[in-house]
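The values are calculated or read from the model by the stated rules, or taken from the named source; none is laboratory data. Everything numeric in this text was worked out from a predicted model, so none of it was measured. Positions of Cβ are backbone-derived with ideal geometry, glycine not excepted, and every protein chain shown enters the neighbour counts. The protein model used for the area step is the full one, side chains on, heavy atoms only, and it has no ligands, DNA or RNA in it. Shrake-Rupley method; radii C 1.70, N 1.55, O 1.52, S 1.80 Å.
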Amino acid sequence: MFPNWQLAGLSFAYIGLLFFIAYMGDKYRHKLVRKSQAVIYALTLGVYCTSWSFLGTTGQASSNFLSHLPIYLGPILLFIFAWPFIQRIIKTSLQLKITSIADLLSARFGKSQYLAVIITLVVLIGTMPYIALQLKAIIYSYQILQETPDLPLWQLGLIVSIILAVFTIIFGIRTIDITERHPGVMIAIAFESLVKLIAFLVVGLFVCFVIYDSPMHIWELSKDSISLEEQFSPSSLVGLFGLLIIGISAFLCFPRQFQVMFVEIKEQKNSSLARWLLPLYVLIFAFFAGPLGLAGNLNYGDSLQANAYVLFLPAYNGQLWLSLFAFLGAVSAASSMVIVSTIALSTMLSNEIVFPLMLSLIHI
């Protein structure tokens, strides 16, 4: 659909901008005022919304209108009703200079090294496939939008992996810091959170109020294909409640989320804005995922993979520029997760396994 040079040029320009933002963030990190730190902290929490939030939940909502809601309701309910608990973890993390979720849990049980190693290995095994899915999402978005295939998929994957690895090494793990904070990276992640939010919001508004009259108009056109009895059946509601519990737990335990929420924060007072900004942030994704999924099903049906509806809906009405913007949003959603997750994993692996093993070998 788009010339390869256009997609590649846009991608490299965006990556170059991320490098510039991270570099300037590192260079001038001491000049950030407290209000700026609070805004950056709140936006970095948007790393929770990955390519699955940007692409996957829309496809999910096209066939099961309510199934995507629990992963969004989880953090909203957590921030509204369990805010004192979050504040307690932040306070503990700052006092003990916690560097990872493995560090926190092991500290809770007498600094047990064995527990820290077990948690690190479990997190590593659980996170690596998720990182692979984000890389696949970037490659998939590029592949379906390109005009002609010019590179094999494994080469595209290798290029994307190398670029993200270089970024992570330069700005994330090149220095040893007991606090494990990365101000330049966090500013870049905050910028990516803003990009994917604006992209998803603009696409949502365009589809709901330009292509169609309103979200209710989309619902009226789609209601014949939706079985409300099935959506609200006891088994479905039990499944949704289970997903809600998983969503709440995942928000606290994801290594990327723990990194931005408890490790990167500099002062506890910087978190106050996040209590209201994050629920609003997540609510935008929750609100528009349903109408976008239903609209994609109305316009494309089975002729297009449901995960690609967000990328192709603007092009259906001739707005190719908006499809490009959606592509940048998908890249932002996926790359931010990969960057923060790899930083968190490298911290855990080095602090809980590699360095202790090296010290034990030296003493031997």
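See the values below:
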quantity	calculated
Residue in the range 125-134 that is most open to solvent (accessible area, probe 1.4 Å), counting only those that are of a type in the set (A, V, I, L, M, F, W, C) and out of contact with any helix residue (DSSP H, G or I) (no Cβ under 6 Å at 6 or more places or on another chain)	I125
Selection from the range 143-159 of residues that are open to solvent by less than 30 Å² (accessible area, probe 1.4 Å) and part of a helix (DSSP H, G or I)	L145, L156, G157
Some residue of the range 28-39 being within 26 Å of G293 (Cα to Cα) and in contact with a helix residue (DSSP H, G or I) (Cβ under 9 Å, 6 or more places away or on another chain)	no
Among (1) in contact (Cβ under 8 Å) with a residue 40 or more places away in the chain; (2) among the aliphatic types (A, V, I, L, M); (3) over 29 Å from S323 (Cβ atoms), the one test that L96 misses	(1)
Filter result (out of contact with any Phe, Trp or Tyr (no Cβ under 9 Å at 6 or more places or on another chain) and either polar (S, T, N, Q) or surrounded by fewer than 18 Cβ atoms within 10 Å (Cβ to Cβ) (or both)) within the range 244-254	L244, I245, I246, S249, C253
Helices (runs of 4 or more DSSP H) within the range 269-360 that include 2 or more residues over 27 Å from F19 (Cα atoms)	274-299, 309-316
Criterion (touching a helix residue (DSSP H, G or I) at 6+ places or on another chain (Cβ under 7 Å), surrounded by fewer than 20 Cβ atoms within 10 Å (Cβ to Cβ) and over 23 Å from L277 (Cβ atoms)) met by exactly one of L104, L73	L104
Number of positions in the range 255-273 that are open to solvent by less than 10 Å² (accessible area, probe 1.4 Å) and either under 19 Å from L201 (Cβ atoms) or among the hydroxyl-bearing types (S, T, Y) (or both)	1
